[in-house]
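Let me begin by presenting the structure, written as structure tokens, before commenting on it.
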Amino acid sequence: MVFDVREWDGPLQLSDVDVTPQFPLTVKHAAVCIDKLGQVVKPCEIKDKPTIEWEGIDPKKLYTVILTDPDVPSKTDRSMAEWHHCLVVNMEGNNMNSGTILTAYVGSGAGKDTGLHRYTWLVYEQPKKLNCDELYVSDRTAERRGNFNAAAFRKKYELGPPVAGICFLAEWDKSVPELYEQLGVA
């Protein structure tokens, strides 16, 4: 069941990440399909890069896709928010492998005992090919992932409001230490 985008500004308070997207986004991992706003998933279910779909995808257009956690280190202390988990520009349609990866995908990694974190996927249509000056961030480092701002990135590169988006919730599970080790923060 696809959610109603009018729920974006509801209890999840997603307007602090960006404006309401035009369409709901569906995010498909091997173990879980995220298609409900506020759906709770486990980090162990979303370790690998997913595929994405939304209404109105145009395979001839270029898009930017961003995944952030606005609750880092916790919902009550957002001093490192937004922490970005993925950033791809110049993506052809919904093919994340076709674009320029600025930040390689990593799954959720909420700290132990910090509760549920919001993870927000946003897709923006690009008016033209982007030449970004951000440094590449690999999936082997936590450096340069914190204090990102999706709305500021959108404005910097003159992107309109998001065409699609979704937010899921996740908290620490036993797979998170493996991610921390991968990122060099264990």
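On the beta carbon distance between Glu92 and Asp139, with R0 = 22 Å, the FRET formula returns roughly 0.55. Please work out whether the range 29-129 counts as rounded, prolate or oblate from its C-alpha gyration tensor, where a ≥ b ≥ c are the square roots of the eigenvalues and a/c under 1.5 means rounded, while otherwise a/b larger than b/c means prolate and anything else oblate? Prolate shape, in that a/c is at least 1.5 and a/b is the bigger ratio.
Surface composition of the range 1-55: carbon plus sulfur atoms hold 52% of the accessible area, using a 1.4 angstrom probe and ignoring ligands, DNA and RNA. Taking every DSSP helix (H) stretch of at least 4 residues in the chain, weighting each as -39,500 (n - 2.57) and dividing the sum by the residue count yields a mean residue ellipticity at 222 nm of -2000 deg cm²/dmol.
Convex hull volume of the Cα atoms of the range 105-186, normalised per residue: 107 Å³.
Distance between the modelled labels on Val185 and Asp173, one decimal in nanometres: 1.9 nm (7 Å Cα→Cβ projection). Centre-to-centre, using Cα atoms only, the range 161-186 and the range 49-100 are separated by 13 Å.
In plain terms, the chain from Thr100 to Cys33 could stretch by 21.7 nm, reckoned as 0.36 nm per residue minus the Cα-Cα distance.
If you take every DSSP beta bridge fully contained in the chain, what fraction is antiparallel? Give it as a percent rounded to 5.
Numbers: 30 of 35 bridges.
Once the DSSP bridges in the chain are tallied, antiparallel ones form about 85 percent.
Put simply, when 128-135, 81-88, 145-152, 101-108 are sorted by average Cβ atoms within 10 angstrom per residue, most first, you get 81-88, 101-108, 145-152, 128-135.
Here the Kirkwood formula puts the hydrodynamic radius of the chain at 16.3 Å, using every distinct Cα pair.
The values are calculated or read from the model by the stated rules, or taken from the named source; none is laboratory data. Since the model is a prediction, treat every value here as computed from it, not as a measurement. So basically every Cβ, Gly included, is an ideal-geometry build from the backbone, and we count neighbours across all protein chains shown. For the accessible areas, the whole protein counts, side chains as well, though only heavy atoms, and no ligand, DNA or RNA atoms are used. Shrake-Rupley method; radii C 1.70, N 1.55, O 1.52, S 1.80 Å.
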